[in-house]
Amino acid sequence: AQSYTLLHGTPTPLMADLTGTRIEASQPISVFSGNTAAVIPQNYSAADHLIEQLPPVSTWGKQFLTQPLATRTGGDTVRVLAHQDDTLVFINDVHISTLAAGQFYETILTTSSSIRTSKPTLVAQFSNSTSFDGTLGDPFMMLVPPVEQFQSDYTLSTPTTGFDVNFANLLVPNIAVASLRYDGAAIPTSLFSVIGSSGFSSISIPIGVGSHRFTSDAPFGVSIYGFDSDESFGYLLRSMHYQLRPRPSFCL
């Protein structure tokens, strides 16, 4: 096996943005996108490392849900990337952008939100630099799975050291909120917030260090993340059961 690294710009916190680059291969490959030291948004501090494995465009979706990261008071940066021309982007049922292939729309979301697009897109949620809102944490990047890739049973884990402040964000169908279980225990339904007309509700809950299981009677979304002084981590779980075609295509 071999690898190839494409570097654009100089290795500083203000490296050039490769978003919108299209990658095609004659055989199955894995593609990772990120930044060695990103500040989010620009002109804030401090910088941190970003990386995510990218799903092929054949697995992109059109309906997404986001929940603000706990403790961050200024909201989170969210980016929506289009693969096709004339891609309409709606946030909370309001049309806010029309994208060409390779273009992206970026905004700060401060509330639980529904994102819909007329054609398949890739959505990423970013933790902002600590100086953005003066709270504990720093940049990380996590891809937001489309609703159709939600599952009903997850086991996930925090790092065992380095992060004592950890949370889970849950995005659950309204009809299944009462069935949700965290390590076998119910979460009071009164703590959930309805996400507009999406049919889903959301919640952020603190979780302890180690492994945890979340289950529900219907597919739902879950992410875990944590903060420390100028440090952070975060990832969303998604169903990645797909068959790469002989000529896979990616867009980052």
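Just a few scattered comments:
- Probe 1.4 Å, all protein chains present, accessible-area order of Ile29, Ile51, largest first: Ile51, Ile29
- Stretching Ile51 away from Thr155 to a fully extended chain increases their span by 35.3 nm, per 0.36 nm per residue minus the current alpha-carbon distance.
- The chain shape via C-alpha gyration tensor axes, a/c threshold 1.5: rounded
- Remark: the Ser197-Ala25 segment gains 57.9 nm on full extension, using 0.36 nm per residue and subtracting the alpha carbon distance.
- Using the Karplus relation 6.51 cos²θ - 1.76 cosθ + 1.60 with θ = phi - 60°, the per-residue 3J(HN,Hα) values for the range 74-83 come to x, x, 10, 6, 10, 10, 10, 10, 9, 9 Hz, with x marking Gly and Pro.
- Shape class of the range 1-148 from the Cα gyration tensor (axes a ≥ b ≥ c, square roots of the eigenvalues): oblate, since a/c reaches 1.5 or more and a/b does not exceed b/c.
- In sequence order, calculated HN-Hα J values of the range 175-186 (Karplus, 6.51, -1.76, 1.60; Hz; x Gly/Pro): 6, 10, 4, 5, 8, 5, 10, 10, 6, x, 9, 6
- Whole-percent carbon and sulfur share, accessible surface of the chain, 1.4 Å: 53 percent
- Dipole axis of the chain (+1 Lys, Arg; -1 Asp, Glu on Cβ), positive-most option in Thr117, Gly74, Leu136: Thr117
- Approximate spin-label separation Asn174-Ile205, in nm, with each point projected 7 Å along Cα-to-Cβ: 2.1 nm
- Near Ala100: Cβ cut-off under 13 Å, other residues only, Lys/Arg at +1 and Asp/Glu at -1. The net charge is 0.
- Calculated mean residue ellipticity at 222 nm for the chain: 0 deg cm²/dmol, from DSSP H runs with n ≥ 4 weighted as -39500 (n - 2.57), summed, divided by the residue count and rounded to 500.
- For the range 66-138, a/c is not less than 1.5, where a ≥ b ≥ c are the root eigenvalues of the C-alpha gyration tensor, and a/b tops b/c. That puts it in the prolate class.
The values are calculated or read from the model by the stated rules, or taken from the named source; none is laboratory data. Keep in mind that what you see is a predicted model, and the values were worked out from it rather than measured. Because the Cβ atoms are built from the backbone with ideal geometry, glycine has one as well, and the counts that use them run over all protein chains shown. The area values use the complete protein model at the heavy-atom level, side chains included, leaving out ligands, DNA and RNA. Shrake-Rupley method; radii C 1.70, N 1.55, O 1.52, S 1.80 Å.
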